[in-house]
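Working notes, beginning with the structure itself.
The values are calculated or read from the model by the stated rules, or taken from the named source; none is laboratory data. Quantities reported herein were computed from a predicted structural model and do not represent experimental measurements. Cβ placement follows ideal geometry from the backbone for every residue including glycine, while neighbour counts extend to all protein chains displayed. For the accessible areas, the whole protein counts, side chains as well, though only heavy atoms, and no ligand, DNA or RNA atoms are used. Shrake-Rupley method; radii C 1.70, N 1.55, O 1.52, S 1.80 Å.
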Amino acid sequence: MGKKGKKEKKVKGAEKTAAKMEKKVSKRSKQEEEDIEALIAEFQLLDAKKTQIVETACPPPSPRLNASLSPHPEKEELILFGGEYFNGQKTFLYNEMFFYNLKKNSWTKVDIPNPPPPRCAHQAVAVPHSGGQLWIFGGEFASVDGEQFYHYKDLWVLHLQTRTWEQVKASGSPSGRSGHRMVYCKRQLFVFGGFHESTRDYVYFNDVYTFNLENFTWSKLSPSGNGPSLRSGCQMATTPEGGIVIYGGYSKLRAKKDVDKGTIHTDMFLLKNEGNEGQEKWAWSRLNPSGVKPTPRSGFSLAVGPNNRVVLFGGVYDEEQDETLEGEFFNDLYFYDMVKNRWFSGQLKGPKSHKKKRRRGKKQETDTAIGFLGGDEDESPKPEEIVKEIVAEDGTIMTIKQLMPISTCQEEQSDSESEEDEEDCTSEKNVLEPCSRSNAMTTVKHGILYVYGGMFEVGDRQFTLNDFYAIDLNKMDEWKLLVEMDPKTQEWLEESESEEDSNLEGATGGNEEEDEEDSDEDSNDDDEDHPPVESGEQYSDYLNRTEQYWIKLAQVKMGPDAKEKKVLKVAHAMTKMFYDGI
């Protein structure tokens with residue numbers, strides 16, 4: 001058998017193994033998912049009470065990672081949805097939606113009836129159909145203690161013109177997953193990869209699905225050639241010719257009992273339709289780009305920038321030693337030119353030197369072109385005013401803003417960059433940059449890259465961010481600070497701390513007094529809508545007294561086709577959550 005035949009046999013063998021593992025994980029996680037579905041159902045019941053769209057001017061969203069940040073296809077806005085936060089003891093998942101106004105540098109929280117349930121590590125794609133739509137697929141939900149996981153396979157669309165949510169139900173969808181990637185190409189959504197995890201097992205994917213936005217149907221592609229191996233968290237972008245580029249990602253395998261070995265992928269592939277007009281014949285091919293490639297990493301963020309370039313930001317490289325992880329975080333930028341098939345490092349050039357020849361009106365043009373901060377020139381944050389280190393409430397010193405020297409301009413062989421004057425380069429002056437991080441939210445609008453939140457680690461502590469930066473990708477002169485990190489939002493609770501301390505919810509956004517009022521209102525709503533717990537009443541007595549009420553409630557939420565045993569289980573779980581005040 002030739003080498004090609006051996007490779008094909010090996011690929012098919014890997015696909016069969018993955019299919020078996022997927023079936024195994026799905027079977028084992030079924031019990032967990034049935035339990036956690038009750039918690040999700042409770043969230044949806046609370047959301048179902050909302051009947052009107054409520055828009056509220058608000059502070060920036062609370063710290064989070066693995067949310068989605070998308071450009072509004074019709075307006076000067078960015079849309080942030082979902083995400084997660086972990087304070088050392090509890091995991092918080094969100095289904096909040098925020099709109100950021102680029103011109104006013106202001107945030108608005110928009111509550112829309114019947115939204116998708118809370119999730120993170122999902123994918124969102126904005127398309128210019130019917131006044132603008134935001135499509136969301138999949139993602140992950142975790143219990144408060146982080147011990148149970150639920151992976152969504154639902155598909156939602158937010159109609160931006162009417163601000164209404166719609167769950168689109170179509171057969172043949174990908175299995176439940178998170179960490180996948182989704183892009184829009186030729187009136188179709190393309191979904192690739194991801195992973196599904198239960199308490200004991202996990203499985204990674206390398207399958208490709210398309211969802212047709214014309215007839216609302218799912219299709220699974222079977223491309224020829226050797227494509228990417230199983231992975232999640234890769235880079236995925238649409239080429240000008242309608243192909244799909246895949247770069248990097250992460251996966252892990254069971255090395256031995258209770259020991260997993262992670263793999264950071266650095267390979268690159270192109271998925272291309274080689275069929276004639278009106279026909280689809282998809283094929284994988286491997287890319288070998290030139291230039292300065294990114295160093296190995298996972299948890300990086302990506303967005304499609306101007307001039308057919310994909311921009312990669314940040315990430316982390318985890319070095320495994322004796323069953324421990326040591327992470328090196330990044331805050332650098334890399335660009336991939338999809339036309340030239342070339343990587344290059346994104347180096348800051350720095351502002352024009354005032355000591356050299358000044359062109360008339362140049363500063364005014366610059367300020368106008370980068371007017372996304374709003375306000376007067378004096379309102380723009382000055383690098384020298386930003387402290388390098390801050391101290392969280394527990395005394396941990398964190399590097400939130402970095403003052404780093406500008407690297408010498410790296411020569412880029414494109415026409416636009418070869419015409420840059422030598423005076424643009426500087427190697428001595430300090431500039432502001434985001435601190436190193438992974439799993440940040442990024443997007444590009446009008447050639448400007450926006451970076452929100454993410455996380456980094458100090459020792460065994462994980463800190464989640466809510467600072468907000470922007471940089472003009474055409475000029476690459478400086479980062480603009482739109483939202484400064486507030487150290488008071490940084491909370492880390494050790495496992496040994498009391499349960500009372502663990503109830504301090506540092507994940508909630510906005511004013512603390514407002515959060516308490518909202519919490520009280522929600523509690524009052526629950527007391528009015530659900531049978532109240534009588535003073536001194538034991539759980540068993542409360543269950544016997546109210547069981548039929550909760551069964552009917554679960555039946556309504558789960559639908560008439562739900563099995564009686566499963567309805568009863570969900571009803572009991574909802575009863576216990578209400579009794580315990582969760």
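Using beta carbons and a limit of 9 Å, which pairs, at least six apart or on different chains, have the first residue in region 216-240 and touching a residue at least 60 places away in the same chain (Cβ under 8 Å) and the second one assigned to a loop (DSSP other than H, G, I, E, B) and among the aliphatic types (A, V, I, L, M)?
233/121; 237/338; 238/338; 239/338; 239/339; 240/338; 240/339
Tell me yes or no: at least one residue of region 108-123 is touching a Lys or Arg at 6+ places or on another chain (Cβ under 9 Å), surrounded by fewer than 19 Cβ atoms within 10 Å (Cβ to Cβ) and acidic (Asp, Glu).
The answer is yes, given that some residue of region 108-123 is touching a Lys or Arg at 6+ places or on another chain (Cβ under 9 Å), surrounded by fewer than 19 Cβ atoms within 10 Å (Cβ to Cβ) and acidic (Asp, Glu).
Enumerate the strands (runs of 3 or more DSSP E) found wholly within region 163-271, keeping only those where 2 or more residues are crowded, with 16+ Cβ neighbours inside 10 Å. Spell out the reasoning first.
Values: elements: 164-167, 181-185, 188-197, 202-212, 217-220, 235-238, 244-256.
Counting at least 2 such residues, we get 181-185, 188-197, 202-212, 235-238, 244-256.
Given the conditions (1) open to solvent by 10 Å² or more (accessible area, probe 1.4 Å); (2) without any contact (Cβ under 8 Å) to a residue 60 or more places away in the chain; (3) in a strand (DSSP E or B), which single one is not true for residue 95?
Answer for residue 95: the failing condition is (3).
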